[in-house]
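Presented below is the structure to which this report refers.
The values are calculated or read from the model by the stated rules, or taken from the named source; none is laboratory data. On a predicted model such as this, the values are computed, not experimentally measured, just so you know. Ideal geometry is used to build each Cβ from the backbone, glycine not excepted, and the neighbour counts take in all protein chains shown. Note: areas computed on protein heavy atoms with side chains; ligands, DNA, RNA excluded. Shrake-Rupley method; radii C 1.70, N 1.55, O 1.52, S 1.80 Å.
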Amino acid sequence: MKAWILQKANDMRLVESSPTKLAENNVKIKVEEVLLTKSEFGTYTGENEKDFPFILGRNAVGVVSEVFDKATSMFQKMDRVVVEPYIPCENCSECLQGNYRNCTEMQELGYNCNGLLQNFADLPYTALHRLPDNLSNERALFVSYVSFCLNVVDALKLEKGRHIAIFSSTKTGLILAQLVAYYQAVPIFISNKEELLAAAREMGVFYCFNPENTEVEHEVLVVTGGRMCKEIVFFSDSDFKMKDIYGVAAMNANICLAGYSTKDSRLTIAQICQKHLNIFGVYNGLGNFSSAINLLVTGTVNVDSLIGKTLNFDSLDKQLHDVSADELTLKSMVIKVD
């Protein structure tokens, strides 16, 4: 088995080891493609703190190579699968009540435990989803992002015709904007990245604003006819002035903090109380993978503009030295595993 192990910032080494014995209820997959995102590149460069050594890779597709129990898992050799990177502990109080999405000890591959940047991986069969033939590997790499955004949509309880403000410095906001439109609400996409705004317009998002050169509160006031937004999504790893988020919020608005970040973004207690804001978080995509696959297959969510260039697994360390974070703002790169 081969795995790229990040020893320290900007120092990743290819390590070979003996094959592992397949654990009960696990499935071994041959990893075929892994997605490299801006967030993971930040871990590689040391921008995002991490305990080393560490294996990157949150999103991967592959084929089944070995199954511990075919009758239980329902998988067979050569099945194409996408990996669900969220693994609930099944022991905390939330898991025991069946609320796996709220697991207090959630393991997320490539985030708080070793990831999928390896040629073979042993995983619980519950973390694998069979892929239809008409969904390419490259598009399937985005299943977890679509599933995450579906969890955001579920939490918001969208109503037809409502204006939804989406503050995002990352490509995940583009996926959410497509879903908001699909559920017949009206996305207002707010980003400080011009390439994301341009992509949103190409995807059919009509209202797109950059807070660095536009008075967002005024624009939203005009768009909503003075009603402002009852629902706001703020991707927590984005860079925005909190006054803009507060400014577009209507009275009794729901603000969803999507994802997790160590960035210091805060609203004051006074601001929260003055507008009677309801603030909650969504931090994973557990539970909506099947729906996400279907939305990608039907073309309801289009991720083609988010797919960047291809990197080779065997020479990854050398290639990463030529990658910049800006390249990954709109397009994630695909690492092909031989």
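Heavy atoms only, 1.4 Å probe, whole protein assembly: order THR45, THR126 by accessible area, highest first. Write out the running numbers ahead of the final one.
Working: THR45 45, THR126 90 Å².
Ranked list, largest accessible area first: THR126, THR45.
Mind checking the full-extension length gain between THR126 and SER315? Use 0.36 nm per residue of separation minus the Cα-Cα distance, one decimal, nm.
Details: separation 189, 0.36 × 189 = 68.04 nm, distance 3.18 nm.
Result for the pair: 64.9 nm of gain on full extension.
If Rh is defined by the Kirkwood formula over all Cα pairs and Rg also comes from Cα, what ratio Rg/Rh do you get for segment 60-147?
On the way: Rg = 13.7 Å, Rh = 14.1 Å.
On the Cα set of segment 60-147, Rg over Rh gives 0.97.
When only Cα pairs under 8 Å and 6 or more residues apart are kept, what is the percent relative contact order across the chain?
Details: 710 pairs, mean separation 62.0, N = 338.
Value for the chain: 18 percent.
Have a look at GLY173, GLY110, GLY225 and tell me which one the Gaussian network model of the chain (Cα, springs below 10 Å) gives the largest fluctuation.
Answer for the Gaussian network model of the chain: GLY225.
Return the Cα extents of segment 255-338 along principal axes one, two and three, sorted largest first, each rounded to a whole Å.
Taking max minus min along each principal axis of the Cα atoms, segment 255-338 gives 55, 35, 21 Å.
Quick one: how many Å² of LYS77 are accessible to a 1.4 Å probe, rounded to 10?
That residue has around 140 Å² of solvent-accessible surface.
For SER65, what charge total do you get from the other residues with a beta carbon under 9 Å from its beta carbon, if Lys and Arg give +1 and Asp and Glu give -1? Don't skip to the answer; put the middle values down first.
On the way: positive: LYS28, LYS30, LYS77; negative: GLU66.
Surrounding charge for SER65 is +2.
Using a/c under 1.5 as the rounded threshold, could you call segment 194-301 rounded, prolate or oblate? The axes a ≥ b ≥ c are square roots of the C-alpha gyration tensor eigenvalues, and prolate needs a/b larger than b/c, oblate otherwise.
Numbers: a/c = 1.75, a/b = 1.28, b/c = 1.37.
Oblate, since a/c reaches 1.5 and b/c is not below a/b.
Any of LYS8/LYS318; LYS309/LYS336; LYS2/LYS30; LYS2/LYS50; LYS77/LYS336; LYS2/LYS28 with alpha carbons more than 18 Å apart? Name them for me.
Numbers: LYS8/LYS318 15 Å; LYS309/LYS336 10 Å; LYS2/LYS30 11 Å; LYS2/LYS50 21 Å; LYS77/LYS336 20 Å; LYS2/LYS28 14 Å.
Listed pairs above 18 Å: LYS2/LYS50; LYS77/LYS336.
Can you give the calculated 222 nm mean residue ellipticity of the chain, where each DSSP H run of n ≥ 4 adds -39,500 (n - 2.57) and the sum is split over every residue, rounded to the nearest 500 deg cm²/dmol? Spell out each step's value before the answer.
Working: 12 runs with 89 residues, N = 338.
It comes out at -7000 deg cm²/dmol, rounded to the nearest 500.
For segment 127-231, list log₁₀ I(q)/I(0) at each q in 0.11, 0.14, 0.22 Å⁻¹, using the Debye formula over Cα point scatterers of equal strength and ignoring solvent, two decimals each.
Debye output, listed in q order: -0.37, -0.58, -1.20.
Ordering ASP314, ASP11 from largest to smallest accessible area (1.4 angstrom probe), what's the sequence? Can you show the working numbers first?
On the way: ASP314 75, ASP11 30 Å².
Reading off the accessible areas and sorting them downward yields ASP314, ASP11.
What FRET efficiency do you get for VAL222 and TYR182 if R0 is 25 Å and r is their Cβ-Cβ distance, rounded to the nearest 0.05? Provide the component values of the computation, followed by the final result.
Values: r = 25 Å, r/R0 = 0.99.
Calculated value: 0.50.
Out of (i) 1.01; (ii) 0.96; (iii) 1.23, which label holds the value of Cα Rg over 2.2 N^0.38 Å that was computed here?
Calculated Cα Rg over 2.2 N^0.38 Å: the matching label is (i).
Given a 1.4 Å probe and every protein chain left where it sits, what share in percent of the accessible area of the chain is carbon and sulfur? Before the final figure, lay out the partial values.
Working: 7460 of 15540 Å².
Taking all protein chains in place, the chain shows 48 percent carbon and sulfur surface.
Which of rounded, prolate, oblate describes segment 173-244, given a ≥ b ≥ c as roots of the alpha-carbon gyration tensor eigenvalues and a/c under 1.5 marking rounded, otherwise prolate only if a/b is larger than b/c?
Numbers: a/c = 1.38, a/b = 1.07, b/c = 1.29.
Judged from the Cα gyration tensor, segment 173-244 comes out rounded (a/c under 1.5).
Could you tell me what fraction of 2.2 N^0.38 Å the Cα radius of gyration of segment 93-142 comes to, as a two-decimal ratio? Walk me through the numbers on the way to the answer.
Details: Rg = 14.0 Å, N = 50, 2.2 N^0.38 = 9.7 Å.
Relative to the rule-of-thumb radius for its length, segment 93-142 sits at 1.44.
In a Gaussian network model over the chain where Cα atoms closer than 10 Å are linked, find which of PHE167, PHE235, PHE75 has the largest mean-square fluctuation.
PHE75
Using the heavy atoms of the protein chains alone and a 1.4 angstrom probe, what is the accessible area of the chain per residue in square angstrom?
Per residue, the chain has 46 Å² of solvent-accessible surface.
Counting only residues 5 or more places away or on other chains, whose amide H sits under 5 Å from the amide H of ASN25 once H atoms are built in the peptide plane?
Residues meeting the amide H criterion: ASP69.
So how much slack lies between VAL15 and ASN112, counting 0.36 nm per residue of separation and subtracting their Cα-Cα distance, in nm? Provide the component values of the computation, followed by the final result.
Details: separation 97, 0.36 × 97 = 34.92 nm, distance 2.02 nm.
Result for the pair: 32.9 nm of gain on full extension.
For ASP154 and LYS2 in one chain, what is 0.36 nm times their gap in residues minus the Cα-Cα distance, to one decimal in nm? Numbers along the way, then the final one.
On the way: separation 152, 0.36 × 152 = 54.72 nm, distance 3.88 nm.
Gain on stretching ASP154 to LYS2: 50.8 nm.
In a GNM of the chain with a 10 Å cut-off on Cα contacts, which of LEU311, LEU116, LEU96 has the highest mean-square fluctuation?
Answer for the Gaussian network model of the chain: LEU96.
State whether segment 1-119 is rounded, prolate or oblate according to the following rule on the C-alpha gyration tensor (a ≥ b ≥ c being the square roots of its eigenvalues): a/c under 1.5 gives rounded; otherwise a/b larger than b/c gives prolate, and the remaining case gives oblate. Please list the in-between numbers first.
Working: a/c = 2.04, a/b = 1.20, b/c = 1.70.
Oblate, since a/c reaches 1.5 and b/c is not below a/b.
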